[in-house]
Amino acid sequence: MEGKLIIDNKSSDPGNEPDFLITGIKKNVFVLGLVSLFTDIASEMLYPIIPLFLTLVLGAPMALVGLIEGLAESSANILKVLSGWYSDKTKKRKPFVIAGYSISAISKPLMAMAYGWPLVLVARLMDRTGKGLRTSARDALIADSSDIEHMGRSFGLHRSMDTIGAVAGPLIALGILYLSGDNYRVVFLAAFIPGLLSILLVTFFVSERKRHVTERISFKLSHFSRDYKVFLLISAIFALGNSSNVFLILRAENLGFSVYMVILSYILFNIVSSLGSFPLGTLSDRWGRRNILSAGFIVFGFVYFGFAWVQQSIYIWPLFMIYGLYEALTEGSGKAYVVDLVSSDKRGTALGIYHAVTGFMMLFASIIAGLVWDILGPSAPFIYGGGVAILSSLLIVLFMPHR
């Protein structure tokens, strides 16, 4: 592993448990992957159509879309820190996971009642609040349940199963839209069903891991390693150019894609991400997180420059496919890198700070993207985001250790 790795498995000993179906994967990790699969079916049924619902049905301007998405994605950032820290302190992960998935599920049918953008904002805030409650505790539970030598593999599998849901969700949404005559509200109501399944799975089939807290848990960054703090800074810089994916969706629509073509291209992106996450997460265990993440940032920059400069819709297909490769390279490896750089006592807190910092930066990135789009045109936010990604790739190579 890279950096000043702090290997401390006394808090959990998953090595005493047999692997569950897949080498190096424990039961908790597999079931939490299924939970995320159903949750992402629910979320991704809505994600690609919400910006279209806002702009085409409710008549919201682009800057407002950016504000709503930015607030939604970052509204629960303080909860990510608090829930991660409190799960470390109490030695309990599962209550935060159950509460988070429950709140997100309830938000789905609420969207069906929206006849103005404020209720859409409320529903999106609820959905992301649920995500804020569960994310750090869930990721820490995955780490607690995994052998240290298979950490990237575990996070890669979880991300892969999560993204399978992101493939199925838009496909289900397409079918419902076709059968209902493009009735968005029916999609919002139907999304509650897989959300409910995820709650049942985590309640009855995920077990708490026994851990022993050996020191007082603190928010102070001085209590974390130099490499963790540097990685946190580089991640924040990258996130400042990483605006919401809704801008990719709206750019596809801007170049002439129909609603159905937009959703299909988004499905293609998720297929590539799902297929790549598990093998690339495993590869990060062998080649090092820094190398995988640096490559991912470069791929992101290439895609964003592509969205800025292409003028024909035919190029949207390969760009979305390559964007799926970026997500496969970075999502699981980034979380595994955080776990590498801290002790097991601080996993929830470290992951919470990581999610919170990047989430807050993404808020500003989305607001900037919406304003720049309205002022300078649709290419501008992608040129900006691509430049920030290339800078981040250079920084991680220069300032993070090779192994």
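Throughout, read-outs are computed from the coordinates displayed, never taken from laboratory work. Because the structure is a prediction, the values reported are computed rather than measured. We place every Cβ from the backbone using ideal geometry, glycine too, and count neighbours over all the protein chains shown.
Summary table
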read-out	value
Total charge dipole magnitude, the chain, about the Cα centre, Cβ charges on Lys, Arg, Asp, Glu only, Debye to nearest 20	1020
Cα Rg, Dmax (largest Cα-Cα span) when computed across the range 220-347, Å	16.6, 51
Cα-based Rg of the range 264-403 normalised by 2.2 N^0.38 Å, two decimals	1.11
Above-threshold pairs, the threshold being 20 Å between Cα atoms, out of Lys26/Lys335; Lys94/Lys131; Lys26/Lys131	Lys26/Lys131
Inter-centroid distance (Cα atoms) of the range 257-326 relative to the range 33-67, Å	19
Acute angle (nearest 10 degrees) that the helix 94-111 long axis makes with the longest principal axis of the chain, alpha-carbon atoms	0
Candidate values (1) 30.0, 105; (2) 23.1, 77; (3) 19.9, 58, label of the one derived for Rg and Dmax of the Cα atoms in Å	(3)
From phi via Karplus (6.51, -1.76, 1.60), per-residue ³J(HN,Hα) for the range 302-318 in Hz, x at Gly/Pro	4, 5, 5, 5, x, 5, 6, 9, 5, 10, 10, 5, 4, 6, 5, 4, x
Rounded tilt (10° steps) of 62-74 against the dominant C-alpha axis of the chain	20
Gyration tensor (alpha-carbon) shape descriptor, the range 345-403, a/c threshold 1.5	oblate
For the range 385-398, 3J(HN,Hα) per residue [Karplus equation, 6.51 cos²θ - 1.76 cosθ + 1.60, θ = phi - 60°, Hz, x = Gly/Pro]	x, x, x, 5, 5, 5, 4, 5, 4, 5, 5, 5, 6, 6
The range 78-152-the range 369-403 distance, computed between alpha-carbon centres (Å)	27
